[in-house]
Every structure is written in structure tokens, then in C-alpha cells.
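Read-outs throughout are calculated quantities, based only on the coordinates presented, and are distinct from any laboratory measurement. Quick caveat, the model's predicted, so the values are computed rather than measured. Cβ: placed from backbone, ideal geometry, glycine included. Neighbour counts: every protein chain shown.
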Amino acid sequence: MAYTYDPENIFAKILRGEIPNTTVLETDHCLAFRDIAPQTPEHVLVIPKGPYVSYDHFAAEASDAEIIDFTRTIGKITKALGVDLAEDGNGYRLISNAGVDGVQEVPHLHVHILAGRPIGRMVAAS
Ligand code: AMP
């Protein structure tokens, strides 16, 4: 089975400039922008510019350059937000939802960077 990517998803439209966003950082391979409905005082989304639906898709098919840039971009954002642990920041949470059980709303890989308050337990009791 191959991965399928819907080029009409909202983040693809953001990447094409069809929908505005509040950019935090843009690199050769990634865009980081503020979530439109922040769940914490700092809520930044990092997406690859390539057409990947999920983290597993990215891990399977992205180039080394894309993967390195994505990881480094997340690190740069935590530093820019002042929450990275090198500077004794208060920390953050990374989340990447995938598919039905992950309750993924937008089918373009994104990592949520959540910070700015204590976030609580990792997973709500079900
Ligand atoms: P997920 O459930 O992991 O797919 O999360 C999708 C996220 O995208 C949600 O946190 C939304 O608030 C966010 N979102 C949806 N549309 C936009 C948009 N136009 N700009 C910024 N964030 C958005």
C-alpha cells in the first residue's frame, strides 16, 4: 500500500500561499507557524514543505536533508520560544497526530510545539 496525499489540505494551501499564516520560521524544507486555535500560550506547528501525510510517511520517504532540517527547525523554535532546556527553560510538549486513532484533522505532517504553561498528563484517561 502506498501513502496518499491530498494536495487540497489546508496546510498545502498555506504552503502555496493561498491561505495566510503567522510564520515563525521558514527554512529550505520547513515552515513553522502559529496554530490558529492555540491550546497553550505558545502553540507552533512545524510542517515539512514536501507532501507527506504523517510522520511514518516522512520517515519512510523524506530525504536525509528534509529530516535533518525538520528536526533542527523544531529545536530552533524551542530555543526561540525560550523553553529549551539548554537555557533552563520550562520545557514543552511535541505532538504529531496521525490518522483516525491519532485524531489527525489536517492530513499534512505537522508537529505541534506546545509550551507556556504546565500541560498535564500525556494522555487523557479514556
Ligand atoms: P491535528 O488535529 O493534529 O491535525 O491538528 C491540526 C491543527 O491545525 C489544529 O490545532 C488547528 O487549530 C490547526 N489549524 C487548522 N487550520 C489552521 C490554519 N489555517 N492556520 C493555523 N493552524 C491551523
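What to note about this one:
- A simple count of charges around LEU114, restricted to other residues whose Cβ falls under 10 Å of its Cβ and scoring Lys, Arg +1 and Asp, Glu -1, yields 0.
- Sequence of THR23, THR78, THR40 once ranked by neighbouring C-beta atoms within 10 Å, starting from the fewest: THR23, THR40, THR78
- Couplings for region 71-77, taken from phi via the Karplus curve 6.51 cos²θ - 1.76 cosθ + 1.60 with θ = phi - 60°, read 5, 5, 5, 4, x, 5, 5 Hz in order; Gly and Pro are left as x.
- Taken as Cα centroids, region 68-118 and region 1-56 sit 13 Å apart, rounded to the nearest whole angstrom.
- Counting neighbouring Cβ atoms within 10 Å and putting the fewest first, the residues LEU25, LEU114, LEU45 line up as LEU25, LEU114, LEU45.
- Sites counted here are GluC sites (Glu not before Pro) in a DSSP loop (not H, G, I, E or B) having no more than 13 other Cβ atoms within 10 Å; the longest part of the chain that contains none of them is 19-104.
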